Every structure is written in structure tokens, then in C-alpha cells.
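Below is one structure; the comments refer to it alone.
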Amino acid sequence: MAVYLPEQTRVLVQGLTGHQGAFHARQMREFGTPIVAGVTPGKAGVVVDGVPVFDTVAEAVEETGANAAVSFVPAPFAKDAALEAIDAGLRVLVIITEHIPVHDTMAIAAFARLKGSIVVGPNCPGIAAPKERLKLGILPNRIFAPGEVGVVSRSGTLTYEIVHALSAAGLGQSTVIGVGGDAISGLSFSEVLSAFQADEGTKRIAIVGEIGGTAEEDAAEFIRTQVTKPVAAYIAGQTAPPEKRMGHAGAIITRGRGTAMSKMEALKAAGVRIAAYPTEVAALLAHGARKS
Amino acid sequence: MKLLEHRGKGLLLRHGIPVPRGFVVRSPEELTDLPWPAAIKAQVFAGGRGKAGGIRFAESLEDAKKAVDAVLKLEIGGHAVREVLVEERLPIQQELYLGLVIDRSARAPLLMASLEGGIEIEAVAEEAIFRMHLPPLLALQPYQVRRLLGFLKLTGATGRSVGEIAQKLAKLFVAEDAELAEINPLVITKDRMVVAGDAKLTLDSDALYRHPDCADLSEDLTALEDRARRKDIAFVQLEGDIGVIANGAGLTMATLDLIGRHGGSAGTFLDLGGTDDLEKVKEAFRIIRVTKPRVVLLNIFGGITKCDTVAAGIRDVLEEHPLEVPLVARMQGLHEERGREILHTIGVETAASADEAAKRAVGLRNSQG
């Protein structure tokens, strides 16, 4: 069973009436995801590709039984939209939007914890479960294959690349989660690893990390003590200069902390196989059936 | 976005935190009066100003002019000094550290304080630092201030002043969308005033839209980085000479790493992001041309981005203005065959993998001597 996604996932799209929202809602539906509602304030009554649009999340939940949301709401309004979705009791909220102010994200994450919701993102490609044919986000449909590898990543394109390589190597995926490239994410690597460790459908784990913060070091400590499944990792930014933001808001080495070297060493010491380049993750997981 | 000290102090003052009296000059001639014994401080982003001679003291107008002149001639950490802060010299009794950062793991602001101010907080012993997370949905609460003052063993009027400053700084941190707000040192003067001796503030550039008065302060971006940002292209100028264009921050970083593995050195980090916009691709090539690379390496994995759109943008921009250096490309994913065909028509052969492309790019660079 996919991690984090509720039984009978019914998805609401915040910002369905926008270009991105409409396009990706179609892609999600083609993947097999039930898209039951859209929410755009002031657009109640509009129907997008057969999906009814509501003014508020509460109404949409009431009318359609939605239990998860994907948000494409522009950054200045993203916090309000997220708090509304969490307040309406949605179990999972995937925030695709990039450039949300970090204080807004902290408020979203704190409110989600208070209400028991899971936030994936922001600035993320979303979550996909190939076997269940569920995708909440913008990951390309055709790269997936059902299988036993759990993938957790801070990057979008690198995730696509690695999932594509895994599928090509005959290694399907149980759940693929992009936690996002911002300084603050709703889900940490450690939290996702904990879910993968508990998930019977996940037998091996791939981590795609990058410079900045200590999510990988925290994950290494968690793996050392709590994870028995084999893990392989790739860390981007091995040659990145300090004090420069490398594309992602969270990808920055500050005051000597958050280097790729520190992350790779910590993970290696925890028994994780380290890939020298992204697609090597597939080869490392194909060989190692046990934690090294 | 980092703020220079004088701008940071301006924000502190706006939030009611005492700072020394002072003003900014850009030449010794601007200095016509010295109302008090002064500290003359270089306004640069680099650390280690004091050691580099960027902080001086003057008692007289004549000495102050000399000091301003000397400081303006300095280059500190690669930054030429253009502005000097002339401010009232504080009679220091004690120096504290007070700072707020964002703790990414805890997803919350972290308040830090120490009696050992005036040196970098990294150099202070763990047990001498007070740390407390502030719940994001609440302001700094009075009980938290009491814990802070208990740790610092500050009482009476001084304790009250430090507590008030901590609360004001915590409010500023949220209200101004700060990522870092450090007062180091927070000075207790001989007459028991508490004043911010320095201010190190970094604001969230993603929140500038709600601080229009700060929007012109992006002083830490180069002109080219600023130009790229306007097109929503993430661009960083690097030391090497292989120009890298890729899509997605992670993939772009991974491409730099592959170049490093093959013994080369990247000259740019240029992340196109997800794009269906020909203009963005064209602007990317115009920007990379300015950096004068010896080889350009393009690495595209088409997830949402379509390879043929990117290839068409490249064809158009190179027809306008051919590249004088070799272009090595790798394209995989959505519409990859069409993308490769388009590149073939302009004489660019694609590599089978990112690794091979990086190897080829480094080889072409090295063959130029």
C-alpha cells in the first residue's frame, strides 16, 4: 500500500481553473487518480473537464468527500489556501507552488501538525504510487513502474531521472515522494524513511538529497538506528560553492554547514550505498538486497 | 537577501530596538561634523571586517576623515568598500549575542543568546549558548523571555531592556520575513543602556513582494544573476569555464558534479526550470554567452519540459547569433527524438547519457589547451 495516501483517495485541486492546475489535473486523472473537485475562490459553479469547482474547500469536501488536495495556488495566496485545506480536515496536502515565503511555510507546517495533516512540499513534484495508480502532483506519468522501491527526494527533475532509471532496470516503485526543494518542507527524510520502513510494500529505498540543511544527516542517524531495508542515495551539489543558492531555496551551504561531503559521509557511515552519479542509484539497489 | 549593517540597523530602529546614532558617507568630504567620538565601519557583506582594518575609531573630525578615506580604499573579502557608517562610539560594559535563525529541521525560528557576544557565535562553547525554538504560530511569550533572562542571569532594568529587545527582534523576524537576524554584539553600555552594536539581517527574497520598500536592496546579486532572475532563471556564476544549462536545480547541480568527476570545472549554474517557453531558452543562451565559456554543456531530462521545445529555442537563438564554442548536449525524456532531430539539423550531436556528455565537454575543453 502506498504510504501517506488515504484508502479511497479522492483528490481536490486548489487552483484547478488555472493553466497549470487544469493541465496537471488531466495528467493525474490519466494516471488513474480520482479528481473529484476544484477550489478557486469566486469560481463556484465552473466545471473543468467535468470536475466541479467550489468557492471553499469546506464546501468541496462536503459535496464530494475529497480527502486529499494538490495546490497550484500562486505563492502570495498559497498560505491561505493551505491553511484552509488543513482546516477542512484533508489528510494529505501536496503543495506544488514554488517561492512561498519561508515564514508562511513554517505556519503551514505548524498548523498541519496541530490538525494531524500531512504536507508534501512546497516546491515539490508531489507523490505517486504506481501500483495504486495514484499521483498527486506533476511527476511525468510514463516514467513509473509498480514495484518495491520507495523513493524520497528533494529534487524534481532528478527524481524523474532516477525513477526512469529504476524502471528501466526493472526496479519498480512502491511510493515516490518529492518532499520539495525549500528550506522548510512539510515532510522530512526521516519521517518518510520511517513510513517506508513500516510499509510492507517497500523493500528498498532510494534517497535523492542535495546541499543545504541537515535533512540527510538527520536521515543517516535515523537509518543507522531504525531502518533495516537497503538504502542507496545520491547527493547533488558536490562541487557547489558555499553561500550560493543553487536553484532551490533550500540548496545553500551556509557557514560551512550543509555540504554534500558531510551528507555523504554521514549516510555512508549509516550503511547507505552512495551513488557517484544519479542513475547509479538503480545499479546500487539492483545488487544490494540487504543493508550493507 | 543580505542587508548591509546600516540598513539592518534602520530596520531594528523601525521596530524600536535602540541603535547607536550614526550616518553613512561615501567620501571623506561628506563628513563635515563629528558630533561624538566615532566608530568608522566599512559597509560590506564579508565577515572579518575588524581584522581587515574595516573598523576604526576617531575622536576628532580630522582623524575621522582620515579613517573614512582609509576604509574606503579597502577591499574586504573581494568586496570594495563603497559606504562607511560613522556612528557614535559606545562605552562598552558588556557584549552579548542575540540572534534568530530558522531551524530547518525543527521547522521553526530558533532564538539564540549568549553572554559571550562580540565574537562569531560558532566560536562560542555550546554550553554558553541559550537556544529556544519559537512556535511559528505564536509570538515570543513572556515565559520564554523569563527563561532567556534566567540563562543570561540578567535582572533589573538591564534584564527588562534585553527582554524587550528580544521580543521586538522576534516580532521583526516574522514581520520583515527575516531568515537571519543577529545582533552581535548587543552592547550593555557603562551607563546601563542596551544598544545594538551591529546588525546582520538576511531577508527572504521570496517575500519581497510584501516589502516593496526593500525591493531595491538586492545588493548581493551580480548584474547577470539579477538579469537571469527577472526571467525566472536560476543562475549562479562559478569559477570554471564550462557553461552548464540544465533543467531543475537538482539535475543542474548533478551536471556540475559530473563535470567535476571528469576533471573539469563548471563556469555557470543555469537552471531553466520547467519550461515551455522558447524565450526563456533563448535568454539562457544569451546569458551564458556573456560568461565566455570555452564549452557549453546542455543537460535536459524532459519530464514536464518538452525536449523539442528546448531544442527549437536553441536552434532559433543560435541562428540569430551562432555560438563560437562547442555545444555538447544530452536530451532524454518527453519528445526526446524530435528534440535530438532539431539539434542534429544545427549540427549538434547528442550524447547517450549525462555522464558521456560531461566527459565529452571536459575533453573538448582540455583539447583547447
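Compute the long axis of helix B:336-345 from its Cα atoms, compare it with the longest principal axis of the Cα atoms of chain B, and write down the angle in degrees, 0 to 90, nearest 10.
Orientation of helix B:336-345: about 70 degrees from the principal axis.
I'd like the FRET efficiency for residue A:200 and residue A:49, computed as 1/(1 + (r/R0)^6) with the beta carbon distance as r and R0 of 45 Å, rounded to 0.05.
Computed FRET efficiency for residue A:200 and residue A:49: 0.80.
Rounded, prolate or oblate: which fits the stretch B:223-364, taking a ≥ b ≥ c as square roots of the Cα gyration tensor eigenvalues, rounded meaning a/c under 1.5, else prolate when a/b beats b/c?
rounded
Find which of A:202, A:262, A:251 sits farthest along the positive direction of the dipole of the stretch A:138-292, computed with +1 on the beta-carbon of Lys and Arg, -1 on that of Asp and Glu, about the Cα centre.
The Cα lying farthest towards the positive end belongs to A:262.
Give the longest segment of chain A that steers clear of GluC sites (Glu not before Pro) in DSSP loops with at most 13 neighbouring Cβ atoms within 10 Å, not counting the sites themselves.
In short, A:8-199.
Sort out for me the Cα centre separation of the stretch B:1-25 from the stretch A:150-206, rounded to whole Å.
45 Å
Near residue A:229, which lysines are there with a Cα under 17 Å away, not counting those fewer than 8 places off in the same chain?
Partners within reach: A:203, A:268, A:291.
Could you tell me how many degrees, from 0 to 90 and to the nearest 10, lie between the Cα long axis of helix A:19-31 and the main elongation axis, the longest principal axis, of the Cα atoms of chain A?
70 degrees
Which of the GluC sites (Glu not before Pro) found in the stretch B:1-63 are in a DSSP loop and have at most 10 neighbouring Cβ atoms, other than their own, within 10 Å?
Within the stretch B:1-63, no GluC sites (Glu not before Pro) qualify (loop, at most 10 other Cβ atoms within 10 Å).
Work out from phi, with θ = phi - 60° and the Karplus expression 6.51 cos²θ - 1.76 cosθ + 1.60, the ³J(HN,Hα) of each residue of the stretch A:109-118, listed in order in whole Hz, and give x for Gly and Pro.
5, 5, 5, 4, 5, 4, 9, x, 9, 9
Please list, ordered by chain and number, the residues whose modelled amide H lies under 5 Å from the amide H of residue B:233; skip anything fewer than 5 residues away on the same chain.
Here nothing satisfies the definition.
Cross-link candidates for residue B:2: which lysines have Cα within less than 22 Å, leaving aside residues fewer than 8 places away along the same chain?
Straight-distance partners of residue B:2: A:244, B:41, B:51, B:168, B:171, B:200, B:231.
Given Cα pairs under 8 Å that are at least 6 residues apart, what percent is the relative contact order of chain B?
Value for chain B: 13 percent.
Output the pairs from B:9/B:73; B:282/B:306; B:73/B:190 with a Cα-Cα distance over 22 Å in this structure; if there are none, say none.
B:9/B:73; B:73/B:190
Kindly write out, for the stretch A:214-224 in residue order, the coupling ³J(HN,Hα) from the Karplus curve 6.51 cos²θ - 1.76 cosθ + 1.60 (θ = phi - 60°), rounded to whole Hz, with x marking Gly and Pro.
Along the stretch A:214-224, the couplings run 10, 4, 6, 5, 4, 4, 4, 5, 5, 5, 4 Hz.
What do you get for trypsin sites (Lys or Arg not before Pro) in the stretch B:1-42 restricted to DSSP loop and a cutoff of at most 12 other Cβ within 10 Å of the site's Cβ?
In loop regions of the stretch B:1-42 (DSSP not H, G, I, E or B), the sparsely surrounded trypsin sites (Lys or Arg not before Pro) are B:21.
Given 37 °C and 0.692 mPa s, compute D for the stretch B:1-74 with the Stokes-Einstein relation, Rh being the Kirkwood radius over Cα pairs; round to the nearest whole µm²/s.
Reported coefficient: 250 µm²/s.
Could you pull out every residue, at least 5 positions away or on a different chain, whose amide H is within less than 5 Å of the one on residue A:274? Hs are placed 1.01 Å off N in the peptide plane, and Pro or chain starts have none.
Answer set, sorted by chain and number: A:233.
To the nearest 10 degrees, how steep is helix B:278-290 against the longest Cα principal axis of chain B, on a 0 to 90 scale?
So the helix axis and the longest Cα principal axis differ by about 70 degrees.
Would the stretch A:140-287 count as rounded, prolate or oblate if I go by the C-alpha gyration tensor, calling it rounded below 1.5 in a/c and otherwise prolate when a/b exceeds b/c, oblate otherwise?
Prolate is the answer for the stretch A:140-287, as a/c is 1.5 or above and a/b outweighs b/c.
Just A:207, A:127, A:100 to compare: in a GNM of chain A, with alpha carbon springs under 10 Å, which one fluctuates most?
Highest fluctuation among the options: A:100.
Under 10 Å, Cα contacts only: if you run a Gaussian network model on chain B, which one of B:337, B:75, B:116 comes out with the highest mean-square fluctuation?
Ranking B:337, B:75, B:116 by mean-square fluctuation puts B:337 first.
Using the Kirkwood radius over Cα pairs, work out the Stokes-Einstein diffusion coefficient for chain A at 37 °C and 0.692 mPa s, in µm²/s as a whole number.
Rounded to a whole number, D works out at 174 µm²/s.
Taking loop as defined by DSSP and a crowding limit of 16 other beta carbons within 10 Å, which trypsin sites (Lys or Arg not before Pro) in the stretch B:89-183 fit?
Loop-located and lightly packed - B:89, B:153.
Could you give me the ³J(HN,Hα) list for the stretch B:24-38, computed from phi with Karplus coefficients 6.51, -1.76, 1.60 and θ = phi - 60°, whole Hz, x at Gly and Pro?
The phi angles translate into 9, 10, 10, 7, x, 5, 5, 8, 10, 7, 10, x, 8, x, 10 Hz.
No value in this document is a laboratory result; all are computed from the given coordinates. What you see is a predicted model; the values in this text were computed from it and never measured. Cβ coordinates were reconstructed from backbone atoms using ideal geometry, including for glycine residues, and neighbour counts include every protein chain displayed.
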